[in-house]
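S.K.: This is the structure I have questions about; it appears just below.
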Amino acid sequence: MKVIDNLNNIEEKINLACENSGRRREDIKLIAVTKYVSVERAKEALEAGISDLGENRDEGLLNKYEVLKDKPNWHYIGSLQTRKVKNVIDKVTYIHSLDRISLAEEIQKRAKEPINCLVQVNVSGEESKHGLDPEAAMGFIEELAAFDKVNVAGLMTMAPLTDDGQVLRQCFRKLKNLQSEIQDAGLKHAPCTELSMGMSNDFMIAIEEGATMIRIGTALVGE
């Protein structure tokens, strides 16, 4: 399938999810996750009108950046090793996986300008997933006030791999509730307006529960 055809299918579903939840399409950013596909396929996504690409490894990002430069907004969506920060920091618009102070320190050291970071929260509690416990998130975000190069733009989570809509909904709702708590705290360094949640199999539920960024790979650009 061409990316444009996949995109049309996905847009129909995004619009339906927006209708279901009384939301506006323009409030949701679609990120094409290109980690498993070629530079040519990533280029095809850009030509189809997608402006945001997500990569989860520095090698993948750097290979595609060499060709595509800063035509897309780049999102680093994978777990980021501290020693790899220097490779990606001046190329990405968002880092979706801030989950420890040592990473914030490295971002502070390497960034020329403040960078949008999403704090990764493990709302499902699965051991296989990265991220902070929801109970630890507020304290962690308060600590980030010490880093003027880290803008806490929002939160990110990965839901469990399940077809149980209720489980997924609870997971996304938990992140939305946490976002509300953080916003109520009125922290200057943490506007926390973004919620990055929802992938190929569950993005409609994520939108209905408040996602502002959805990360779609397989259903959009293929395997």
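Bear in mind these aren't lab numbers, they're just calculated from the coordinates by the rules spelled out. From a predicted model like this one, the values you see are computed outputs, not experimental measurements. Using ideal geometry, Cβ is built from the backbone for each residue, glycine included, and neighbour counts are taken over all protein chains shown.
S.K.: Tell me, which helices (runs of 4 or more DSSP H) lie completely within the stretch 138-223 with 3 or more residues that are closer than 17 Å to VAL121 by Cα and in contact (Cβ under 8 Å) with a residue 12 or more places away in the chain?
M.R.: Values: elements: 165-185, 203-208, 218-221.
Answer list for the stretch 138-223: 165-185.
S.K.: Sticking with this structure for a sec: Restricting the search to the stretch 17-38, which residues are of a type in the set (S, T, N, Q), closer than 22 Å to GLY165 by Cβ and surrounded by 13 or more Cβ atoms within 10 Å (Cβ to Cβ)?
M.R.: First, the residues of the stretch 17-38 that are of a type in the set (S, T, N, Q): 20-21, 34, 38.
Keeping just the survivors that are closer than 22 Å to GLY165 by Cβ gives 20-21.
Selection gives SER21 alone.
S.K.: When only residues in the stretch 42-56 that are in contact with a strand residue (DSSP E or B) (Cβ under 9 Å, 6 or more places away or on another chain) and charged (D, E, K, R) count, which is nearest to SER128 (Cα to Cα)? Walk me through how you get there before you give the answer.
M.R.: Taking the stretch 42-56 as the starting set, the residues that turn out to be in contact with a strand residue (DSSP E or B) (Cβ under 9 Å, 6 or more places away or on another chain) are 42, 45-46, 48, 50-56.
Restricting the remaining residues to those that are charged (D, E, K, R) gives 52, 55.
Details: ASP52: 27, GLU55: 19 Å.
That would be GLU55.
S.K.: Next question, about the same structure. For residues that are in a helix (DSSP H, G or I) and touching a strand residue (DSSP E or B) at 6+ places or on another chain (Cβ under 8 Å), scanning just the stretch 104-137, find the one that is nearest to GLU55 (Cα to Cα).
M.R.: Ranking the qualifying residues of the stretch 104-137, first place goes to ILE107.
S.K.: Answer yes if at least one residue in the stretch 66-77 is basic (Lys, Arg), in contact (Cβ under 8 Å) with a residue 24 or more places away in the chain, exposed (fewer than 15 other Cβ atoms within 10 Å of the Cβ) and farther than 29 Å from ALA137 by Cβ, and no otherwise.
M.R.: yes
S.K.: Return the residues of the stretch 33-84 that are among the small types (Gly, Ala, Ser) and closer than 18 Å to ASN116 by Cβ; say none if nothing qualifies.
M.R.: SER51, GLY54, GLY78, SER79
S.K.: When you look at LEU144, is it of a type in the set (A, V, I, L, M, F, W, C) and either touching a Lys or Arg at 6+ places or on another chain (Cβ under 7 Å) or closer than 27 Å to ASN56 by Cβ (or both), yes or no?
M.R.: yes
S.K.: Can you tell me which residue in the stretch 119-153 is nearest to the chain's Cα centre (by Cα), limited to those that are under 18 Å from LYS176 (Cβ atoms) and among the polar types (S, T, N, Q)?
M.R.: Looking at residues that are under 18 Å from LYS176 (Cβ atoms) and among the polar types (S, T, N, Q), I get GLN120.
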